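Working notes, structure below.
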Amino acid sequence: MAVYQATASAPVNIACIKYWGKRDTKLILPTNSSLSVTLDQDHLRSTTTSRADSSFEKDRLWLNGVEEEIKEGGRLATCIRELKRLRKEVEEKDSSLPKLSSYAVHISSRNNFPTAAGLASSASGFAALVASLAALYQLPASPSQLSLIARQGSGSACRSLFGGFVAWEMGSKSDGSDSLAVEIAPREHWPDIHALICVVSDDKKGTSSTSGMQRTVETSTLLQHRIKYVVPERMKAISAAIRARDFEAFARITMQDSNQFHAVALDTDPPIFYMNDVSRAIIALIVEYNRVSVAAGGKLKAAYTYDAGPNAVIYAPKENLKEIVELILNYFPQAEPFKDPFGLFGAGAQG
Ligand code: 2P0
């Protein structure tokens, strides 16, 4: 008997221009466009296997081995329904294909990093889920088309269907058909940029992104300014910086946008604090590191950015990474030996 099964994996992405706010909470349509870098290391990925079988009684999902309920009308159910709908279209064109759209699916997804630590597990999770079902159903869909579905799982997930530098264009239609991810540049365009993730805390975060951003939409006047006057210009400027491989401009915009996202969180009623004292100390360190470089006639050497949690992500050209890691380890000594995925510290260091 034929087995219908497919596995796909998707990495985490880290936004430089932050998504924060929905104009439609059901379709997940954002109040501003955003732009991110998809990480290409193996450490931060979701891997999902989907199987369709005529003997399955209902759709089921396991996350890190624990079964999660697929709520009717919820985000998971929406993604599965949309992908089955596309499969049905394919089956209607080619009657020789097995009728997988009428079978229930069993889906198993694993993250190789802590869930909900502000490390965007919903982004990689929904991107991998959509990619695995699209592979199972052999859909002739582009990553941008699939991003329309992943977006309805979790907004930021639409960006994880591409590698490299990715924009989520907010679109203007009320049905969401133009709110999708597009590639700004592939990873190979600018391989010199690396992301260093400093896990300040791997606790589950206090305010979820979904509820936090909605409160911001309802109460923050600063958000309205950001949406109208700030993000559109920044999207253009950072896209140009990426195309020109201009780290100076990329770094400046990335840090400004992280700051404004956290300002908008603070402008929410009641206020939302995602960064803690360690997060702010890392900002001070990077600001000083850049200041010393610029004062000596040099350029910006690193850019920090923070999502809905206290962990720092530092973007930097490869030549600066060793210095940055040494700086951080000097000020924030680690209980455990530093793992050296970049091979910065030679053969003797931890791998
Ligand atoms: C981002 N974040 O652009 C921003 C920056 C957090 C801070 O996208 O409600 O988990 O599922 O669409 O995608 C987090 O929001 O929220 C997020 P939903 P999501 O990466």
Sorted by Cβ neighbour density within 10 Å, fewest at the top, the residues SER96, SER46, SER211: SER96, SER211, SER46
Cα gyration tensor shape for the range 193-331, rounded if a/c is under 1.5, else prolate or oblate: oblate
Relative contact order (%) - the range 102-215, alpha-carbon pairs under 8 angstrom, separation at least six: 23
Likely footprinting exposure, CYS158, CYS198, CYS16, CYS79, fewest C-beta neighbours within 10 Å first: CYS198, CYS79, CYS16, CYS158
The chain - share of DSSP beta bridges that are antiparallel (%, nearest 5): 90
Relative contact order of the range 4-189, pairs being alpha-carbon contacts under 8 Å that are 6 or more residues apart, as %: 29
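For PHE332, PHE250, what ranking results if the residue with the fewest other Cβ atoms within 10 Å of its Cβ goes first?
Final ranking by Cβ density, sparse to dense: PHE332, PHE250.
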Average Cα contact separation per residue, the chain, under 8 Å, 6 or more apart, as relative contact order %: 19
Alpha-carbon centroid distance for the pair the range 252-317 / the range 171-194, whole angstrom: 23
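No value in this document is a laboratory result; all are computed from the given coordinates. As the structure is a computational prediction, the values presented were derived from the model and not from experiment. Neighbour counts are summed over all protein chains in view; Cβ atoms, including those assigned to glycine, are modelled from backbone coordinates with ideal geometry.
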